[in-house]
Amino acid sequence: MKWWQIRKRDEDLQRELQSDLELEAEEQRERGLSPEEARRAALRAFGNPTLIREQTHASWSTSWLESFAQDLRYGIRGMFRNPGSTIFAILIVGLGIGGASTVFSVVNALLLRPLPFHDPRQLVWIGNGDCCTAQIEQYVDLRNQNKSFSDLAGWAGDYSAGNEELTGSGESQRITAVAVTGNFFPLLGVNPIIGRSFTAAEAEGIYRAPTALLISNSFWRHHFASDPGIVGRKITLNNQPVTVIGILPASFDFSSIFDPGTPVDVFIPWPLIDQKKPSGNTTKIIGRLKPGVTVQNATAELTTLAQQLNTQHPERNPVHPRLVPLEQYVSGQVRPALIVLMCAVGVVMLIVCANLSHLQLARMSARQKEMAVRAALGASRMRLLRQVLTESITLSLCGAALGLILAIAGTRELAHLTAFNLPLLASIHVDTGTLAFTLSMAVAAGVLFGLAPALQVPAYRLREGLQDAGRESSGGSRHNWFRNSLVISEFALACILLVGAALLIQSFLHVLDVDLGFQPERAATLRIDPSFKMANLQQQNSFLDDALGRVRAIPGVTAAGVADVLPLDGDRSWQITGKGQVYDKNNHPEAYIRVVTDGYFAALGIQLKSGREFTQSDRATTEPVVMVNETFARTLWPGQNAVGQIVTQDGGRRVIGVVADVHHGGPELSGGLEMYIPMRQSNDYPSMRLIVRTALTPDSLAAGIRTALRPIDPNLPVTELQTLQQFVDRQVSPRRFLVMLLTGFAAFALLLASLGIYALISYSVSQRTKEIGIRMALGASASLVQRSVLTRTLQLALAGVVLGTLGSFALSRWMTSLLFGTTPTNPAVFTGVSLLLCAVALIAAYVPARRAARIEPLHALRTE
Amino acid sequence: MAKKEQPRANLLQGTLDMLVLRTLLYGPAHGHEIGKHIQRTTNDFLQMQHGSLYPALHRLEERGWVTAKWEKGPNQNREFKYYRLTEKGRKQLLVEESQWKQMAEAVARVMWPAAEES
């Protein structure tokens, strides 16, 4: 029988009982009784029909549901009776579960859900040594000669936001293109939703003059209004017609997986043969393992293969393959942070439960009499227990509904944080996994905070309970012990969270404090790649002279320079050698290459340490020169003056100056070797970025720069002016994300703990009204009473702090990898947190302590 | 109200089901008839407790051992809820009967060992 048939079935039963009762009455009448007597006799023989009905109900398998519905109705009525505490409970459960579900969505997207590729577990990221890119020739040989992979694919690692110019309808604009090898999409198992992937002929064209391109789904939606007809049409990229051959699926978001924070619009081929590509280590590599091959086996094979290649081709940059499963590569860096966050939400939920447990306990002691009456009327212990649990779970489910709303809002907010340098951020949403998590969280919380009060049920002995509930009788010391331990654990847990948050805030401040080697404030950048082709270096030199001259003339611009890549934005490295030096092939110094003009160092605020900077007169026609950073100078010419030395690049370049090191990989990474080549002497650069330093706000400059440059290139594409601070912000955004969330959780925990101790002290003061009255009648002063209440509070808080400190010590090693410039046992942090918690406890206890001090002894004794 | 001094027994757990099934072997009957039948056959030794009879009937119905239907009585124009034994119920009766037999024999062996030997 189904539960929705209960009503029908009950009617049926009533009718059956009625008809049998009548039959019985008839029989009695036949024996000669009067109708009235017969009816009564029948009832006597029959028993109580209502009772029979209830007993029959119990035989139906749905009876538990009936009683559940009863409990639910009763619970909801109870919630309305106490709207204040109900709203409070729903609110804190909602906040707790909202935070937990949001964090779970992030964890789900980053750690649990498989990457949106075919069989993602077989995909492997192949880095090179400490870094990420390898020379294309090495890639080709590794790909052709290995036996572990079904295929390798790669893409150009040196692309940057807005590296291509799209003209056509309206103003030209800068879009972001990534060059990928022809087999890139087939290897991942990503199929265009419309059109096709690159053919072999298209893949092997000329770099920066592609004949075919694929567009990302978001670019298709935003730029082409989801027009399927775009496939097969030509668009103008860098003044050349290119055919759109396909549209990629929305599930494929290149940037969110491989390069968070730089959305990619189109994909062009990365030809293997064309020699006009930028030279050096440029290619990022991924591979798909053959079935049954482990990462260890593949590593061993590729290492041997690479050694052979390095010996066979001394002219190439050596390759040192470093294999990491792709999923680990994508989420590996954020994994410790996410684990910490997951633990934090767990701790927050425990505090929420402790708080609510306390609240329910208070409500239960108010309902002691009711429970006793019910027990006297025959309700079994199980039945009462189930009722109390139903109530608490109902409460937490209401909270979960609120939490779910918060989680949906929270994840939506997170998914739109494009400036955040976190992988897969855009794919974060509330899915069925999150729903299941939220639901189980709510039920678990309901059971957890309902269990303690529920287990108090048998403690209400009948006689005691039915007596006019004396305040003192509600369980005595056993209850108090339990309440105290709830508050102590709240403080201990809050202490752990606060210590974690404080350590991370401290680290974050340290990171922000790092001297990056350049001054991002008041510096801004803009792409100024000319829309025409430079015929030769002379033309390029005069373009640069002209452009820099005009920009420097803009009021408010204090310095301006041009560079190919910016710190924190892109990398390309070369092996470098000082003249007359010989290095072991496998231990060769590598330097990051920047192609820059005069004014670059002033615009970025990079300090000159010795020698001189590039000037306008370091041109195509003058002596080839180079500038290096301090690490470079120290590595190649230890103990010597680097200025005047020669590096072998381009047939010999003289070092004219040494500048300070720049943290180009981020504040937390040291920079390594850097070499600056004057742009006027080079044509090997992927882009031209203007950098200006200004006395004004950078935003006010964009229009001025565009106007100033229009005369030399009327088609100069419109791009956003980016401030260097944005680059820095993006770099520290994962840390900011962690700090924001953890600080929020810690603040919430602190609030809950203070509410918890407030509730406990208020309760105990009201319990002890009589006792305090007697004490005061015997001569205790108001201040003594107040002090004793505060002392007790402090004892509880301190017990919690001590436990929390021990807990933090135990957990500290989990934090180590997330800290920067501080230790997990930093004494200042621990002292600060302990003082904060004690202060908060005292403030929370102040009101009840005042109340205790104001007790009128006579009044207190009379009311008892 | 004077209590009947007649000896009465409480039914063993589960026995009622068997008695009801056995009663229905004679043909369909409604609750009142079943109760009366058991009471009469045992010379009022087993006083029918309606508080157990109806739950038992509903339990049997839920398990599919009997079916129930509202039908007209033989000589009245009233409708009664008639219970009918199903095929499954018949099998269950055999099972319970044999279990009861084993039980009774086992109890008898303990209680009257001499009778067993002679």
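The values are calculated or read from the model by the stated rules, or taken from the named source; none is laboratory data. What you see is a predicted model; the values in this text were computed from it and never measured. Glycine gets a Cβ as well: all are built from the backbone with ideal geometry, and neighbour counts include every protein chain shown.
Here are some notes:
- Of the residues making up segment A:515-553, those that are surrounded by fewer than 18 Cβ atoms within 10 Å (Cβ to Cβ), touching a residue at least 60 places away in the same chain (Cβ under 8 Å) and aliphatic (A, V, I, L, M) number 3.
- Looking only at segment A:708-746, and only at residues there that are among the hydroxyl-bearing types (Ser, Thr, Tyr) and within 18 Å of A:Arg174 (Cβ to Cβ), the one that is modelled with the highest pLDDT: A:Thr723
- Taken over segment A:91-136, residues that are more than 23 Å from A:Ser427 (Cα to Cα), surrounded by fewer than 21 Cβ atoms within 10 Å (Cβ to Cβ) and in contact with a helix residue (DSSP H, G or I) (Cβ under 9 Å, 6 or more places away or on another chain) amount to 2.
- Residue list for segment A:165-191, restricted to those being within 31 Å of the chain's Cα centre (by Cα) and at pLDDT below 80: A:Arg174
Per-residue answers, yes or no, for (1) under 26 Å from A:Val732 (Cα atoms); (2) buried (at least 22 other Cβ atoms within 10 Å of the Cβ):
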position	(1), (2)
A:Tyr600	yes, yes
A:Gly639	no, no
A:Gln645	no, no
A:Val655	no, yes
A:Arg680	no, yes
A:Leu690	yes, yes
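- Qualifying residue in segment A:373-386 (condition: buried (at least 22 other Cβ atoms within 10 Å of the Cβ), in contact (Cβ under 8 Å) with a residue 12 or more places away in the chain and touching a Gly at 6+ places or on another chain (Cβ under 9 Å)): no
- Taking the criterion of being free of Cβ contacts under 8 Å to residues at least 60 places away in the same chain and among the small types (Gly, Ala, Ser), the residues of segment A:752-787 that qualify are A:Gly779, A:Ala780, A:Ser781.
- Listed by first and then second residue, the pairs with beta-carbon distance under 9 Å, at least 6 apart or on different chains, first residue in segment A:421-441 and more than 16 Å from A:Val93 (Cα to Cα), second surrounded by fewer than 23 Cβ atoms within 10 Å (Cβ to Cβ) and basic (Lys, Arg), are A:Asn421/A:Arg730; A:Leu424/A:Arg113; A:Ser427/A:Arg113; A:Ile428/A:Arg412; A:His429/A:Arg412; A:Val430/A:Arg412; A:Asp431/A:Arg113; A:Gly433/A:Arg113.
Residue by residue, here is whether (1) among the hydroxyl-bearing types (Ser, Thr, Tyr); (2) touching a strand residue (DSSP E or B) at 6+ places or on another chain (Cβ under 6 Å); (3) over 19 Å from A:Leu21 (Cβ atoms) holds:
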site: B:His32; (1), (2), (3): no, no, no
site: B:Lys36; (1), (2), (3): no, no, no
site: B:Thr42; (1), (2), (3): yes, no, yes
site: B:Leu60; (1), (2), (3): no, yes, yes
site: B:Pro74; (1), (2), (3): no, no, yes
site: B:Lys81; (1), (2), (3): no, yes, no
site: B:Arg84; (1), (2), (3): no, yes, yes
site: B:Glu87; (1), (2), (3): no, no, yes
site: B:Ala108; (1), (2), (3): no, no, yes
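- Checking every residue in segment A:509-525 against the condition of being touching a Ser or Thr at 6+ places or on another chain (Cβ under 8 Å), within 30 Å of A:Thr597 (Cα to Cα) and of a type in the set (Gly, Ala, Ser) gives at least one match.
- Residue within segment A:42-56 that is buried (at least 19 other Cβ atoms within 10 Å of the Cβ), modelled with pLDDT of 80 or more and either within 14 Å of chain B (Cβ to nearest Cβ) or assigned to a strand (DSSP E or B) (or both) present: yes
- Count of residues meeting criterion [within 11 Å of chain A (Cβ to nearest Cβ), under 13 Å from the mean Cα position of the chain (by Cα) and in a loop (DSSP other than H, G, I, E, B)] in segment B:35-83: 3
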